[in-house]
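Here's the structure we're looking at; comments come further down.
The values are calculated or read from the model by the stated rules, or taken from the named source; none is laboratory data. All figures in this text were calculated on a predicted structure; none of them were measured in a lab. Positions of Cβ are generated from backbone atoms using ideal geometry, with glycine treated the same way; all protein chains shown enter the neighbour counts.
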Amino acid sequence: MADIIIDHVTKRFGTFTAVDDLDIRFSDGDVTCLLGPSGCGKTTLMRMIAGLETPSSGRILFGERDVTQLPPRKRNIGMVFQYPVMYPTLSVAENIAQPLKHDRSLSRGERERRVEEVLDLLDMRKQARAFIDDLDAGSRQKVAVGRSVARQTDIVLFDEPTTNVEVNAKLQLIRTFKAVTQRLKQTIVYVTHDQTEAMTLADRIALMKDGSIVQYDAPRRLYNDPSTEFGGWFLGNPGMNFIAAERRGNQLHATILDSPLDVASDLGGGEIVLGIRPENVLMHSEPGPGSVEGRVTEQTIGIAGRNLARIAVGSAVIKVKADGPAPVAADGTVQLSFPRDRILVFRNGARVTL
Ligand SMILES: Nc1ncnc2c1ncn2[C@@H]1O[C@H](COP(=O)(O)OP(=O)(O)OP(=O)(O)O)[C@@H](O)[C@H]1O
Ligand SMILES: [Mg+2]
């Protein structure tokens, strides 16, 4: 039906480049999350897909259809924003029905059937007659989601729809959202700076930085195989450990390695950094094969029984995430080991495969 094709799209505001020569295709029926820090260009990209902003150069296509110059109402898309526009004097069901009224191809019966279907999807049958003003922010946002999907447009766009929803309602909203998107076959672009949200919802995540997409991958892949140091740092809570390494011939040396790491001879020059996720570092009280000694500088008891410790190894401070606390108190000595298959190598910020 409708892949979204971003064909070398750039957006400048004056001399500032907000979106920089993006060239990517979001697949039909996928939920794509645009994820990245504040100011990286997520909303700007989404607004161009919506037709609320025109690219400075490049084209946007929905399948075969070039929509670059089309106004939003001619693009046949649904949208949900942080602050949805609702009709406070209408009920939940009437709000969902509202956009369907403009569709003359729908019979009254078909409209009613769609509204019922959406109420079921949202699990809001009981609130069908409630007024919008009487709902909490989470439920209001659910109605906004329902309204945007009821039209059954090929494409639905969301810009941080959970931002103003308190945390419990937020989880519920995300669950509903997931259920709705799995049932419907619409192509969805969902903007968020919340990695948990993106990991939960996305078929694929487009990770953005400074107006560019640094990686477009399935959530697990993005997490386990970041193609950049930025990806390793941005994803994860906390992000990856990075340790400077020194190259001597075909070997890398670093404080976390008890013996050097062999690399291909064509690794090239530049700054070499080793990356390992905090949960992949192993911590013991006694020395073992490959272990290096470190000193506990800080420990925090985390939620869900996971603890975070900071361990000084030489000049590096390593974050370690473990199920239990460190085997010794602060300032004590522990042994760390770094499984070789969990160590990623970066050169000038970009991943190199050994
Ligand atoms: N209309 C505009 N005029 C000038 N600069 C703009 C305009 N819209 C966006 N920008 C700039 O473009 C950059 C990208 O903005 P954008 O809103 O796309 O970021 P974002 O990734 O959505 O960030 P956030 O997570 O804060 O919503 C920012 O530096 C912003 O200040
Ligand atoms: Mg934004």
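Which of (1) closer than 20 Å to PHE26 by Cα; (2) within 16 Å of ligand 1 (Cβ to nearest atom); (3) not in a strand (DSSP E or B) does MET199 not meet, given it meets every other one?
(2)
In the stretch 53-60, is there at least one residue being within 13 Å of ligand 2 (Cβ to nearest atom) and surrounded by fewer than 21 Cβ atoms within 10 Å (Cβ to Cβ)?
There is at least one residue in the stretch 53-60 that is within 13 Å of ligand 2 (Cβ to nearest atom) and surrounded by fewer than 21 Cβ atoms within 10 Å (Cβ to Cβ).
Being among the polar types (S, T, N, Q), part of a loop (DSSP other than H, G, I, E, B) and closer than 21 Å to GLN152 by Cα, is that true of even one residue in the stretch 54-72?
For the stretch 54-72, residues among the polar types (S, T, N, Q), part of a loop (DSSP other than H, G, I, E, B) and closer than 21 Å to GLN152 by Cα: absent.
Which of (1) within 16 Å of ligand 2 (Cβ to nearest atom); (2) within 30 Å of GLU166 (Cβ to Cβ) does LYS11 not meet, given it meets every other one?
Failed condition: (2).
Which of (1) modelled with pLDDT under 90; (2) within 16 Å of ligand 2 (Cβ to nearest atom); (3) in a helix (DSSP H, G or I); (4) of a type in the set (A, V, I, L, M, F, W, C) does LEU121 not meet, given it meets every other one?
(2)
Does LEU35 fit the bill of being within 18 Å of the chain's Cα centre (by Cα), within 21 Å of PHE234 (Cβ to Cβ), more than 8 Å from ligand 1 (Cβ to nearest atom) and buried (at least 16 other Cβ atoms within 10 Å of the Cβ)?
yes
From the list TYR83, TYR87, which residue is farther than 23 Å from LEU207 by Cβ, touching a residue at least 40 places away in the same chain (Cβ under 8 Å) and within 15 Å of ligand 1 (Cβ to nearest atom)?
TYR83
Take LYS42 and decide whether it is in the same structural domain as LYS209 (by TED's automatic domain parsing), basic (Lys, Arg) and surrounded by 22 or more Cβ atoms within 10 Å (Cβ to Cβ). Please lay out each step first, then the result.
Values: in the same structural domain as LYS209 (by TED's automatic domain parsing): yes; basic (Lys, Arg): yes; surrounded by 22 or more Cβ atoms within 10 Å (Cβ to Cβ): yes.
For LYS42, the condition - in the same structural domain as LYS209 (by TED's automatic domain parsing), basic (Lys, Arg) and surrounded by 22 or more Cβ atoms within 10 Å (Cβ to Cβ) - is met.
Are any of the residues in the stretch 98-109 farther than 22 Å from LYS74 by Cα and either of a type outside the set (D, E, K, R) or touching a helix residue (DSSP H, G or I) at 6+ places or on another chain (Cβ under 9 Å) (or both)?
Yes, there is a match, as at least one residue in the stretch 98-109 is farther than 22 Å from LYS74 by Cα and either of a type outside the set (D, E, K, R) or touching a helix residue (DSSP H, G or I) at 6+ places or on another chain (Cβ under 9 Å) (or both).
For THR181, state whether it is modelled with pLDDT under 95, within 14 Å of the chain's Cα centre (by Cα) and either assigned to a loop (DSSP other than H, G, I, E, B) or hydroxyl-bearing (Ser, Thr, Tyr) (or both). Working first, answer last.
Details: modelled with pLDDT under 95: yes; within 14 Å of the chain's Cα centre (by Cα): no; either assigned to a loop (DSSP other than H, G, I, E, B) or hydroxyl-bearing (Ser, Thr, Tyr) (or both): yes.
When the stated conditions are applied, THR181 does not pass them.
Of everything in the stretch 122-149 that's in contact with a Ser or Thr (Cβ under 8 Å, 6 or more places away or on another chain) and touching a residue at least 60 places away in the same chain (Cβ under 8 Å), which residue is surrounded by the most Cβ atoms within 10 Å (Cβ to Cβ)?
Filtering the stretch 122-149 for residues that are in contact with a Ser or Thr (Cβ under 8 Å, 6 or more places away or on another chain) and touching a residue at least 60 places away in the same chain (Cβ under 8 Å), the one surrounded by the most Cβ atoms within 10 Å (Cβ to Cβ) comes out as GLN141.
Which ones in the stretch 101-116 are modelled with pLDDT under 90 and under 33 Å from the mean Cα position of the chain (by Cα)?
none
Which ones in the stretch 1-32 are closer than 26 Å to VAL149 by Cβ and either of a type in the set (Lys, Arg) or within 10 Å of ligand 1 (Cβ to nearest atom) (or both)?
Within the stretch 1-32, just ARG25 meets the criteria.
Quick test for you: out of ARG175, ARG140, ARG220, pick the one residue that is modelled with pLDDT of 95 or more, part of a helix (DSSP H, G or I) and either within 16 Å of ligand 1 (Cβ to nearest atom) or more than 19 Å from LEU45 (Cα to Cα) (or both).
Testing whether each residue is modelled with pLDDT of 95 or more, part of a helix (DSSP H, G or I) and either within 16 Å of ligand 1 (Cβ to nearest atom) or more than 19 Å from LEU45 (Cα to Cα) (or both) leaves just ARG220.
With respect to LYS74, is the statement that it is near ligand 1 (Cβ under 8 Å from one of its atoms), out of contact with any helix residue (DSSP H, G or I) (no Cβ under 9 Å at 6 or more places or on another chain) and of a type in the set (D, E, K, R) true? Give the derivation first.
On the way: near ligand 1 (Cβ under 8 Å from one of its atoms): no; out of contact with any helix residue (DSSP H, G or I) (no Cβ under 9 Å at 6 or more places or on another chain): yes; of a type in the set (D, E, K, R): yes.
No; evaluated as a whole, the condition is false for this residue.
Do we find that GLY41 is within 16 Å of ligand 2 (Cβ to nearest atom), under 27 Å from the mean Cα position of the chain (by Cα), among the small types (Gly, Ala, Ser) and on the phi > 0 side of the Ramachandran plot in this structure?
So GLY41 fits the description; yes.
Yes/no per residue for (1) β-branched (Val, Ile, Thr); (2) touching a helix residue (DSSP H, G or I) at 6+ places or on another chain (Cβ under 9 Å); (3) buried (at least 21 other Cβ atoms within 10 Å of the Cβ); (4) closer than 21 Å to GLU117 by Cα:
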{"position": "PRO161", "(1), (2), (3), (4)": "no, yes, yes, no"}
{"position": "ASN164", "(1), (2), (3), (4)": "no, yes, no, no"}
{"position": "THR176", "(1), (2), (3), (4)": "yes, yes, no, yes"}
{"position": "GLN182", "(1), (2), (3), (4)": "no, no, no, yes"}
{"position": "LYS185", "(1), (2), (3), (4)": "no, no, no, yes"}
{"position": "TYR190", "(1), (2), (3), (4)": "no, yes, yes, no"}
{"position": "THR196", "(1), (2), (3), (4)": "yes, yes, no, no"}
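Looking at GLN182, GLN186, GLN152 in this structure, which one is without any contact (Cβ under 8 Å) to a residue 12 or more places away in the chain and either touching an Asp or Glu at 6+ places or on another chain (Cβ under 7 Å) or away from ligand 1 (no atom under 16 Å from the Cβ) (or both)?
Numbers: GLN186 fails: without any contact (Cβ under 8 Å) to a residue 12 or more places away in the chain; GLN152 fails: without any contact (Cβ under 8 Å) to a residue 12 or more places away in the chain.
None of the others qualify; the one that does is GLN182.
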